[in-house]
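Structure first, then comments.
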Amino acid sequence: MVVTEEIGVPSWDLYELSIPCTVFGKPQPDLADPWYDLRLCGTGERGAGPAAGAGLALRTPYGLDDLVGADTVVVPSVPDPCVEEGRPLPSALIDALRRAYDAGARMVSLCTGAFALAEAGLLDGRRATAHWMHTAQLAARYPKVRVDDSVLYVDDGDVLTSAGLTAGLDLCLHLVRRDLGAHVANQLARRMVVPAHRPGGQAQFIDLSVPATDDEGLAPVLAWARARLDQPLTVEDLAERAALSPRTFYRRLQAATGTTPLQWLLDQRLARAQSLLESTDLPVEKIGELSGLGTANNLRHHFLKRVGVSPSDYRRAFPRTAPEATLAG
């Protein structure tokens, strides 16, 4: 097992790097012997070029040439400037990833590591994911990739991608399950005090609030609608409030948010339901009413379809913080 990590470019992510080190780097002879042979490979000169990451440095005797011949290559992340600013990744890294894949390696990315696999062309025509905060950039930069922002990880056989943070741990445990069986993966998860298995199709918990819009003229009517989600609202109501014809309002909202008025309303109501599930002990029936989704069954239907888990499962994933003082019976 080989993990690549940026060296020579600031800000590598310690958490994503630590996940494969924890899962694959510590021998577990009582579970499986031999265990994985983990090697950290850097993009700089072999054994040189410490990389700054949260005040720490990394040195490794392994370089990019060591990727070829590996059974599995994991890219834990790429530096923030390569994602946020579009800075190019080292050409030597991209070439090494291609050569490793051509040699038969299984390719894996955690979080923003997907940008490296995409740059190497290894995600073309494939379904892939990353942290939901970066999936829009991934899709825009690599249009040949079928980006799915709603899942924890995607197993496409010889190429696997995960969302960020804990989803990377889910994917690594999934690899153990594939390689060594469910018993070994479950025992390892127990030692790490984490859930034994979260299926890749489980949803990332995405913020469903309105996308940013450059159409400032729509902001007042959208704020007005968000304050009345518990009331019946139609496209005609919103258009009248905006002093526009329904057709013009439809066109401008779609241009500004990338979605239709009815889908925007549904997303806002689901976002409201998410907030209520996180911050209150209200029953699902009341949350359906306050969010404008109506009955509990209707809430469950739309929530499961859009978020990927039931309202009850979502609530368990987010321990209640503080009640909303503005709620009324």
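FYI, it's all coordinate maths here, none of it is from the lab. Only a predicted model underlies this, so the values are computations on that prediction, with no experimental measurement involved. Positions of Cβ are generated from backbone atoms using ideal geometry, with glycine treated the same way; all protein chains shown enter the neighbour counts.
The table below gives the values:
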| quantity | calculated |
| --- | --- |
| Options ASN186, GLY63, PHE24, ranked by Cα towards positive dipole end of region 2-192, top entry (Cβ charges) | ASN186 |
| Within-13-Å neighbourhood charge of VAL235 [Cβ basis; K, R +1; D, E -1] | +1 |
| Per-residue HN-Hα couplings for region 138-148 [Karplus 6.51, -1.76, 1.60; θ = phi - 60°; Hz; x = Gly/Pro] | 4, 5, 5, 7, 10, x, 7, 8, 8, 6, 10 |
| Translational diffusion coefficient (Stokes-Einstein; Kirkwood radius from C-alpha pairs) of region 2-192 at 4 °C, 1.567 mPa s, in µm²/s | 79 µm²/s |
| Distant-in-sequence amide H partners of ASP156 (H built 1.01 Å from N, under 5 Å) | THR161 |
| Table column - 3J(HN,Hα) (Hz), region 120-127, Karplus curve with 6.51, -1.76, 1.60, x for Gly and Pro | 7, x, 7, 9, 4, x, 9, 7 |
| Spatial extent of region 216-317: Rg and Dmax, with the Cα atoms as the point set, Å | 14.4, 43 |
| Charge dipole magnitude, Cβ of K and R +1, D and E -1 - region 105-191, Cα centre, debye nearest 20 | 160 debye |
| Cβ charges +1 (Lys, Arg) and -1 (Asp, Glu), total dipole of region 2-192, debye | 200 debye |
| Pair-distance profile P(r), taking every C-alpha pair of region 55-105, with 5 angstrom steps and integer % | 4, 17, 22, 24, 19, 11, 2, 0 |
| Sequence-distant residues sharing a close amide H with ALA128 (under 5 Å, placed H) | ARG146, VAL147, ASP148 |
| Positive dipole terminus of region 93-205, leading residue within SER150, LEU171, LEU160 (C-beta point charges) | LEU171 |
